[in-house]
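Below: one structure, written as structure tokens.
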Amino acid sequence: MKLLVVITIEEYAEQLRKIFKENKVPSYSETDVNNFKLFENTDESENWFGNTLDAMEGKLFFTFMSDVTADQLVQAIKEFSKDCQCNNPIRVFQLAVEKYFI
């Protein structure tokens, strides 16, 4: 089982929901977040949420799913972010779930 955490700016939230639906994500949670960038930097890999020190409104999604579905979803998100040529690509983190209780 995997936990996927996805962070995006408000502008791409609807597209992300569409990606979830296309990849048959059975359920997910979503909440509003304020994203802050405290320092300017020149490292492209750390260029989260543009080049501003102001807060940027966004969304945080998380979902639990099988390994195969998680890999497919991560690939779909990577493809969207690559194709959109945007300053604020959708960020996704895939984490292994060692145990869970119901």
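The values are calculated or read from the model by the stated rules, or taken from the named source; none is laboratory data. Note that the structure is predicted; figures quoted are calculated from it, not measured. Using ideal geometry, Cβ is built from the backbone for each residue, glycine included, and neighbour counts are taken over all protein chains shown.
Close Cβ contacts (under 9 Å, 6 or more residues apart or on different chains) running from residues in region 80-102 that are among the hydrophobic types (A, V, I, L, M, F, W, C) to residues that are surrounded by 15 or more Cβ atoms within 10 Å (Cβ to Cβ) and part of a loop (DSSP other than H, G, I, E, B) comprise PHE80/PRO89; PHE80/ILE90; CYS84/ILE90. Among the residues of region 27-65, those identified as at pLDDT below 90, outside any strand (DSSP E or B) and under 17 Å from VAL6 (Cβ atoms) are TRP48, PHE49.
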